[in-house]
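Presented below is the structure to which this report refers.
The values are calculated or read from the model by the stated rules, or taken from the named source; none is laboratory data. Since we're looking at a predicted model, the values are computed, not measured. Glycine gets a Cβ as well: all are built from the backbone with ideal geometry, and neighbour counts include every protein chain shown.
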Amino acid sequence: MFRISVIIIFSCLFCSVVQTQQPHLENFYLPQYDCEQKIVWDMKKVTIVIPDDSTIVDAKRFGERFSGRGIEVIIKTESKIQENDLNNNLCIMGPIKSYSQWDRFGIPVKKLMRGFAISKFSFDDPSYGFSYISTTSPVRIAISGNSLGAYKQIENKPSFGFEFVVLKDYVPKLICNGSHIVDLNILKKSRYVEIESKYFVFMVSKNLILEDEKAIVAKIEEYDKHVEVFVEKMELDLPKKKIKTNIHATQEEIKYFTFGDLCNDDIRNGYVTGDEIHSWNWSRENVEHETNHHIFNQQVNEIPAIFLCEGVPMWYEYTKNEEMKDIIFQRAIEFADYDLTDVICGKENFHQGDKFYFISAIFTDYLMDTYGLSKFKELYRYDTRDLLSGFEKILGKPLSDILEEYKKWLLSISVN
Ligand SMILES: [Zn+2]
């Protein structure tokens, strides 16, 4: 059972934006993403400003984004900033409340008693974060927020290209270039249709709705069924709340709503922001993959190690998709001699093409097959900062032994 209705829910925070902009589907303005971002990348030198309590900001690693492009980087704490520094390019990082003299940076974001304000909009909840880049010289970049958590989300994934981006709980809320402010809730209201099903609240791009309504009904029934199959297989409960699921028609749409890099040709298939999932079109693989993440993580661990995290939906796909089965397995065979210790423990970048996605599927299959689902879940719950000892404590032997056994297991299967 489902119903289609144009959504009526949107945040009241930006009501005045609605009144002044009167968005329509035909002419809704999307602020241009500035892929060149010349003002930033033409800098010769930039001073990164960090709060006096500087341990909370990873400025050195962040600075590599600039130094990698030949820009000289200097790091200073707030109290070391002199008058003459203010005439130069500055990148101010860290929670706004950590700054005692925020106003002297000349950024059009006001520090409030609680939170910050941009234009006439104020953001006082601790979960709000923002990034700002000036469009004139000297350059001002600010990456900040009302709490360490909100700030870290942006430090880890800064978006250069818009003048302002405001996020709440890792969900992008507002983007702005020049005087054009776009509230993404309103964008959704004009461009997306809500469809509610047994386990989902879908927000579907109107471009897809127009395409084929019957096919959508079939898809939705399939996804509701999938939820039941998945929770049974993983010995979980049915979700207590309907899963907010955004189905986007184009790469531009999914990237706008997930804070993606619009200048990059990379394809974004699916994504999780806060408690919402996103899929590029109705692809079964995309929707199921993100649904599996959502359900498993909500019930087992919301901040798991990435290798184990991707292992769950990839393993599910491996067991279900006959076409992919052989491709995934062959990839794991190809890397049978590769030392997986660092990537499993999060010390090596997981995102190196698709190889670790495929390998995580097979390694998960091995763990489930050898140690069982409940041990796997115990491991999944373990503190990711010390996963190495988690293997030993939970599975009873060091990861090095487990990897040796995994290799034997893998090769024995491939022989059969
Ligand atoms: Zn994933």
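Identify the residue in the stretch 195-205 that is surrounded by fewer than 19 Cβ atoms within 10 Å (Cβ to Cβ) and not basic (Lys, Arg) and, among all such residues, is nearest to the chain's Cα centre (by Cα). Looking at the filtered set, the residue picked out is 201. The sole residue among 75, 96, 107, 118 that is surrounded by fewer than 19 Cβ atoms within 10 Å (Cβ to Cβ) and under 28 Å from the mean Cα position of the chain (by Cα) is 75. For the stretch 310-416, no helices (runs of 4 or more DSSP H) sit wholly inside it while including 1 or more residues that are closer than 21 Å to residue 293 by Cβ and assigned by TED's automatic domain parsing to the domain that holds residue 291. The condition of being without any contact (Cβ under 8 Å) to a residue 40 or more places away in the chain, away from the ligand (no atom under 16 Å from the Cβ) and either surrounded by 14 or more Cβ atoms within 10 Å (Cβ to Cβ) or more than 26 Å from the chain's Cα centre (by Cα) (or both) holds for only one of 377, 393, that being 393.
Applying a threshold of 7 Å to beta carbon distances and a minimum spacing of six or more residues, or different chains, the list of pairs starting in the stretch 268-286 at a residue that is at positive phi and ending at one that is away from the ligand (no atom under 13 Å from the Cβ) and among the β-branched types (Val, Ile, Thr) reads 274/171; 281/247.
Here is the figure for the stretch 264-277: residues that are in contact with an Asp or Glu (Cβ under 7 Å, 6 or more places away or on another chain) and away from the ligand (no atom under 11 Å from the Cβ) total 1. Go through the stretch 347-360 and give me each residue that's within 15 Å of the ligand (Cβ to nearest atom) and surrounded by 12 or more Cβ atoms within 10 Å (Cβ to Cβ). Across the stretch 347-360, the qualifying residues are 350, 354, 355, 356, 357, 358, 359, 360. Taking (1) modelled with pLDDT under 95; (2) part of a strand (DSSP E or B); (3) among the hydrophobic types (A, V, I, L, M, F, W, C) in turn, residue 62 satisfies each apart from (2). Identification of strands (runs of 3 or more DSSP E) wholly contained in the stretch 65-159 with 3 or more residues that are in contact (Cβ under 8 Å) with a residue 12 or more places away in the chain yields 72-77, 90-93, 128-133, 140-145.
Table: residues versus (1) at pLDDT 95 or above; (2) buried (at least 21 other Cβ atoms within 10 Å of the Cβ).
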site	(1), (2)
233	yes, no
245	yes, yes
259	no, yes
289	yes, yes
293	yes, no
